[in-house]
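Have a look at the structure below before the remarks.
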Amino acid sequence: MTEFVEGWIFGHTLGEGAYGEVKLLLNKTTGEAVAMKMIDLGKHSDARQTVRKESAIHRSLSNPNIIQYFGKRSEPNMEYIFLEYASGGELFDRIDPDIGMPAWEAQKYFRQLISAVEYLHSKGIAHRDLKPENLLLDENDNLKVSDFGMATIYKYQGKERCLEKRCGTLPYLAPEIFVPRYYAEPADIWSCGIILVTLLTGELPWAQSSADCQEYMAWKEGKYMSLTPWRKLDTSSLSLIRNVLMHLPSSRYTIRDIKQHRWFVKIIQEEGYIRPDETDSTQMLKDENLRFCLSQPELPRVQNNVVEINLEEQPGFSFSQPAHIEDLLVCTQVQNKQLTQASQQNTYQRLVRRMTRFFVTTPLETTVNRLMNCLNNESYTCRINDCRTITISSKDRRTMPLVFKANIVEMDGKILVDFRLSKGCGLEFKRKFMKIKALLDDIILKGPVTWPIAVATESIP
């Protein structure tokens, strides 16, 4: 474990972006977890001004659906931004490619997204890069908007300015961004509409909203009903999306309009049954059959001084993003405190779910060779470093660049293959992952497996 500053140690890499990595940072005394965004100025000489602007905007925000900003640290060649750690992972990880997610769940996240964007606009701030990869989830499964690197102030003291900079991620950009000047609010609202389509259908409707995109022109001209993803949507959700994805910003729904639409206000129950909204909140809570989030359940009790985790009953859970210091798999002494098997703890802290990982039955070197052969046969461009991290480059279905990494880690005799997106569309990344996983099916661990974890019997100062 490497110490960043006194009392704080590095955890694992949480993600990557255009300007650098985001790492987990842990306080050895309190167990507090913080996400640290690292920007390498040697690679991005123009980044210091961007970081200064991002920090100035982000530190002014305080909203339950926006990642909290803690502070910034500057060094000659590095900039560090300290942020709230969203232990629930990224929203795009909850989206099944070509399927999406249940309507009630999509509605929940969309409502929280709209609440966050409404707050930003009330502060005169446009995000300009809203997409599922920039929407995180906390331990209670609540959405948190993150990454304000492209955010800007468009309204100050009641005076609004038009924006000119063309920025964001192509499939989520409003059509007016491709012309010299545009209004901030309708552009953000457009991105919310694309996100809703993705949540409900598991696919993006087009590569970009421009005249040279066939899919977009079919939508604009009303010739889309027989096409995917639109045929996957019910009448109510399609009605909302039609009004949000209006070509002309002046005709597009405002946030107020969205919040009054029937799809937004009705209650969609987990089992798919839809009924009218209730005015009596007590009755609503009684009848709605609310789902409690199981994305981070507490794990089994300690038995015979050993914590046992059943990987079959807890699918997709692992230890690459621990929320507290006690969750770390540490096999050495830290600060000269002897680590022993658990005898006091009766539950474990909740752990992060990520769908893009699996355990295998093969030894480490065999796993590396199998994965490399699989990637080469699929014509990926690959490179591997000494830490057994494979960087994989490809093109997605729209010929856009896609880069992701596979980390092969040995954990107490078991081999974990953990994939993480570096650049490109999250849905395309998951499609690639699922194909690779299918090709390695014969070595993937499928049966229930339990194994002990060495943990500290007292807190680590």
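The values are calculated or read from the model by the stated rules, or taken from the named source; none is laboratory data. Not measured: the values here are computed from a predicted model. Heads up, the Cβs are rebuilt from the backbone with ideal geometry, glycines too, and the neighbour counts pull from every protein chain shown. Keep in mind that these areas ignore ligands, DNA and RNA; they rest on the heavy atoms of the full protein, side chains included. Shrake-Rupley method; radii C 1.70, N 1.55, O 1.52, S 1.80 Å.
At-a-glance table
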| read-out | value |
| --- | --- |
| Accessible-area order (highest first, 1.4 angstrom probe) of the listed residues L439, L233 | L439, L233 |
| Cross-link partners of K432 among lysines (Cα-Cα below 25 Å; sequence separation of 8 or more within a chain) | K23, K131, K232, K395, K405, K414, K423, K446 |
| Total formal charge among the other residues, if their Cβ is under 15 angstrom from that of S210, Lys/Arg +1 and Asp/Glu -1 | -1 |
| Percent accessible area from carbon and sulfur atoms, the stretch 187-251, protein chains only, probe 1.4 Å | 51 |
| Hydrodynamic radius of the stretch 15-137 per Kirkwood, over alpha carbon pairs, in Å | 16.0 |
| Area accessible to solvent at Y80, 1.4 Å probe radius, in Å² | 20 |
| Gain upon complete extension [H12, L248; 0.36 nm per residue less C-alpha separation] | 80.5 nm |
| Using θ = phi - 60° and Karplus 6.51 cos²θ - 1.76 cosθ + 1.60, couplings along the stretch 252-265 (whole Hz; Gly, Pro as x) | 6, 4, 8, 4, 4, 4, 4, 5, 9, 6, 4, 5, 6, 8 |
| Accessible surface of the stretch 29-139, 1.4 Å probe, proportion on carbon and sulfur as whole % | 47 |
| R242 accessible area, 1.4 Å probe, all protein chains in place, Å² to nearest 10 | 100 |
